[in-house]
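Colleague: Dropping the structure in here first, questions after.
The values are calculated or read from the model by the stated rules, or taken from the named source; none is laboratory data. Just so it is clear, the structure is predicted and the values come from calculations on it, not from any experiment. Because the Cβ atoms are built from the backbone with ideal geometry, glycine has one as well, and the counts that use them run over all protein chains shown.
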Amino acid sequence: MRSPRVEENARKVSPEATASVRSATAAVTLARQNALPAYFKDVDRATAHAAAIKDYVLDNLGSLLEQLEGNCQANGIQVHWAQHAASANKIIGDICARSAPGGIVVKAKSMATEEIHLNHSLEAAGFEVVETDLGEYVVQIDHDRPSHIVAPIIHKNRREIAKSFEREGLGPYTEVPEELAMQARARLREKFQSAEIGISGVNFAVAESGRLVLLENEGNNRLSTTAPQVHIAVMGIEKVLPREGDLPLFLRLLAGSATGQKLGSYVHFISGPRRPDEIDGPRDVHLVLLDNGRTQVMAGKYKEILRCIRCGACQNVCPVYREASGHAYGHVYAGPIGAVLAPALEGVEKLGDLAKASTLCGACQEACPVQIPIPRMLLELRDDAYRAGVIHEGIPWGAFAFAASSSWRWRAGLKMLPVASTAPNPLKKGWTDSRAMPSRVGRSFRRWWNERS
Ligand code: SF4
């Protein structure tokens with residue numbers, strides 16, 4: 001399969017979308033920078049501790065998952081193991097078919113379900129699937145794709161959302177956020193009341209207690225997981241945490257890094273289905289544990305990418321993501337996390353090109369609450385992709401390597417530079433479309449150095 005061309009895709013992104021992404025990522029980055037030092041005495045120590053816990057999880061994943069399975073079952077949660085996207089879709093489809101053939105499925109936001117393209121699979125099986133996260137709902141009615149892990153419509157502005165709601169008959173045109181929210185609320189409320197099945201992701205699952213933990217800001221997770229008779233939670237296997245005592249650190253780090261909040265507006269602890277003495281809650285709770293390439297990643301040199309808690313901070317600070325927007329990556333996981341995770345999960349041959357979508361400035365690693373060394377991994381991926389024939393050295397780099405590997409060629413090249421930089425050069429096209437080519441001034445470094453000593 002042809003690997004995605006991030007530069008090519010980025011050129012198709014509208015200036016309006018770029019402006020929305022730039023302003024939203026800048027605002028949330030500022031919020032994160034203010035929030036974390038206010039919530040942690042020593043942010044570096046907290047993130048190092050979180051990284052160590054995640055490494056412990058990855059080193060002991062098999063036993064922790066068995067412990068989680070046992071404790072979930074003791075709580076009445078039915079646990080299913082899915083090796084691939086297809087098996088996850090089949091498991092979920094079968095549960096839905098047994099519970100409510102052709103019924104309504106309400107869905108809370110979940111990257112794991114995006115990863116396996118669950119909506120398409122359920123719709124093909126005759127279910128009505130309704131996204132209930134406000135951003136995901138807009139994506140659904142616009143037949144669009146999410147472009148950010150936390151904020152799926154970061155590429156849209158209020159005017160576009162207002163037009164979509166008017167088109168779908170949610171209410172009269174308005175750009176007032178509260179009114180837009182009320183329009184969506186009224187439409188989604190009907191769906192919550194008639195849905196037989198609710199599907200959610202999982203932020204953390206605690207092995208020692210068998211509890212599933214979900215964070216959100218809109219309240220749609222709560223309705224999706226409690227109003228329907230059946231709740232299906234879909235979780236990447238790396239989301240397990242060993243102890244309840246690990247939760248305060250991770251809940252704070254996730255909320256602070258994702259949105260600059262002290263804690264999500266709602267934190268749900270799901271300990272199983274409705275008990276006999278309880279009047280509400282689902283009759284059945286299922287947990288689908290998704291591998292989909294993760295065990296293979298664990299065995300290789302990109303293992304640390306599985307520390308990721310999906311906060312989106314690396315996307316917000318990445319200069320390439322800010323300019324190109326998430327759609328340019330052509331994958332559900334965009335930005336620095338996607339540039340490593342996507343090829344690690346699906347193969348360098350297929351997605352190795354994504355590793356080029358970085359300036360290697362290091363901002364992603366600095367922002368990451370679990371200290372993932374993303375720039376180092378991107379360099380390794382570039383090397384892997386080059387060896388696999390997926391990315392190639394361009395002519396300028398080949399010329400640079402030729403010149404730089406011999407001192408006389410390098411010196412001769414420097415002498416030619418003033419002439420070369422003024423000559424028409426087809427290689428400069430693209431670069432000079434939007435900026436002036438800098439002209440050389442003063443002495444060369446080598447000459448300056450020699451004169452100095
Ligand atoms: S790689 Fe780090 S910063 Fe990026 S989404 Fe994952 S946890 Fe957040």
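Colleague: D353 is checked against (1) acidic (D, E); (2) under 19 Å from the mean Cα position of the chain (by Cα); (3) surrounded by fewer than 23 Cβ atoms within 10 Å (Cβ to Cβ) and fails just one. What number does that condition carry?
Modeller: Every listed condition holds for D353 apart from (3).
Colleague: Return yes or no: is R322 over 13 Å from the mean Cα position of the chain (by Cα), basic (K, R) and closer than 27 Å to R11 by Cα?
Modeller: In short, yes.
Colleague: Using the structure shown, decide if I305 is within 16 Å of the chain's Cα centre (by Cα), within 13 Å of the ligand (Cβ to nearest atom), among the β-branched types (V, I, T) and closer than 21 Å to A27 by Cβ. Write out each step before concluding.
Modeller: Numbers: within 16 Å of the chain's Cα centre (by Cα): yes; within 13 Å of the ligand (Cβ to nearest atom): yes; among the β-branched types (V, I, T): yes; closer than 21 Å to A27 by Cβ: no.
Considered against the rule, which asks whether it is within 16 Å of the chain's Cα centre (by Cα), within 13 Å of the ligand (Cβ to nearest atom), among the β-branched types (V, I, T) and closer than 21 Å to A27 by Cβ, I305 comes out as no.
Colleague: Residues of the stretch 270-293 being under 25 Å from H84 (Cβ atoms) and in contact with an Asp or Glu (Cβ under 8 Å, 6 or more places away or on another chain), which ones?
Modeller: Within the stretch 270-293, L289, L290, N292, G293 meet the criteria.
Colleague: Considering only residues of the stretch 93-110 that are aliphatic (A, V, I, L, M) and buried (at least 19 other Cβ atoms within 10 Å of the Cβ), which is nearest to the chain's Cα centre (by Cα)?
Modeller: A108
Colleague: May I pose another question? Which of the residues belonging to the stretch 118-134 are part of a loop (DSSP other than H, G, I, E, B) and within 24 Å of the chain's Cα centre (by Cα)? Quick ask: steps written out before the conclusion?
Modeller: From the stretch 118-134, those part of a loop (DSSP other than H, G, I, E, B) are 125-127, 132-133; that's our starting set.
Scanning the stretch 118-134 gives T132, D133.
Colleague: Right, here's the next one. I'm checking my understanding of the structure. Among residues of the stretch 371-398 that are assigned to a loop (DSSP other than H, G, I, E, B) and within 13 Å of the ligand (Cβ to nearest atom), which one is surrounded by the most Cβ atoms within 10 Å (Cβ to Cβ)?
Modeller: For the stretch 371-398, the residue satisfying everything is I372.
Colleague: So, one more: Can you report the number of residues in the stretch 310-325 which are buried (at least 21 other Cβ atoms within 10 Å of the Cβ) and either under 13 Å from C368 (Cβ atoms) or within 12 Å of the ligand (Cβ to nearest atom) (or both)?
Modeller: Restricting attention to the stretch 310-325, the residues satisfying the condition of being buried (at least 21 other Cβ atoms within 10 Å of the Cβ) are 311-318, 320-321, 324-325.
Those left that are additionally either under 13 Å from C368 (Cβ atoms) or within 12 Å of the ligand (Cβ to nearest atom) (or both): 311-318, 321.
Within the stretch 310-325, residues that are buried (at least 21 other Cβ atoms within 10 Å of the Cβ) and either under 13 Å from C368 (Cβ atoms) or within 12 Å of the ligand (Cβ to nearest atom) (or both) number 9.
Colleague: Would you mention how many residues in the stretch 137-186 are of a type in the set (S, T, N, Q), surrounded by fewer than 22 Cβ atoms within 10 Å (Cβ to Cβ) and either within 16 Å of the ligand (Cβ to nearest atom) or over 26 Å from the mean Cα position of the chain (by Cα) (or both)?
Modeller: 2
Colleague: What number goes with the only condition from (1) within 16 Å of the ligand (Cβ to nearest atom); (2) over 21 Å from E114 (Cβ atoms) that M235 does not pass?
Modeller: Condition not satisfied by M235: (2).
Colleague: Shifting gears a bit: From (1) at pLDDT 95 or above; (2) more than 24 Å from A112 (Cβ to Cβ); (3) within 15 Å of the ligand (Cβ to nearest atom), pick out the condition that doesn't hold for S358.
Modeller: Just one mismatch for S358, condition (1).
Colleague: For the stretch 188-195, check the following and say yes or no: at least one residue is in contact with an Asp or Glu (Cβ under 7 Å, 6 or more places away or on another chain), buried (at least 18 other Cβ atoms within 10 Å of the Cβ) and either of a type outside the set (D, E, K, R) or not in a loop (DSSP other than H, G, I, E, B) (or both).
Modeller: Checking the stretch 188-195: not a single residue is in contact with an Asp or Glu (Cβ under 7 Å, 6 or more places away or on another chain), buried (at least 18 other Cβ atoms within 10 Å of the Cβ) and either of a type outside the set (D, E, K, R) or not in a loop (DSSP other than H, G, I, E, B) (or both).
Colleague: Any chance the stretch 157-165 includes a residue that's modelled with pLDDT of 95 or more, assigned to a loop (DSSP other than H, G, I, E, B) and not aromatic (F, W, Y)?
Modeller: No: zero hits.
Colleague: Only one residue in S265, S257 is at pLDDT 95 or above, under 24 Å from the mean Cα position of the chain (by Cα) and of a type in the set (S, T, Y). Which one?
Modeller: S257
Colleague: Would you check which residues across the stretch 1-42 are β-branched (V, I, T), surrounded by 17 or more Cβ atoms within 10 Å (Cβ to Cβ) and farther than 16 Å from G312 by Cα and list them?
Modeller: Of everything in the stretch 1-42, those that are β-branched (V, I, T), surrounded by 17 or more Cβ atoms within 10 Å (Cβ to Cβ) and farther than 16 Å from G312 by Cα turn out to be V6, V13.
Colleague: Now a separate question. Could you go through the stretch 279-291 and let me know if any residue there is within 16 Å of the ligand (Cβ to nearest atom), under 24 Å from K54 (Cα atoms), of a type in the set (A, V, I, L, M) and modelled with pLDDT of 95 or more.
Modeller: No, because not a single residue in the stretch 279-291 is within 16 Å of the ligand (Cβ to nearest atom), under 24 Å from K54 (Cα atoms), of a type in the set (A, V, I, L, M) and modelled with pLDDT of 95 or more.
Colleague: Mind listing just one residue for me: the one in the stretch 326-341 that is among the aliphatic types (A, V, I, L, M) and in a helix (DSSP H, G or I) and, of those, farthest from the ligand (Cβ to nearest atom)?
Modeller: A328
Colleague: A further question follows. Tell me which residues, restricted to the stretch 343-356, are over 21 Å from I309 (Cα atoms) and in contact (Cβ under 8 Å) with a residue 40 or more places away in the chain.
Modeller: Within the stretch 343-356, V348, E349, K350, L351, G352, D353, K356 meet the criteria.
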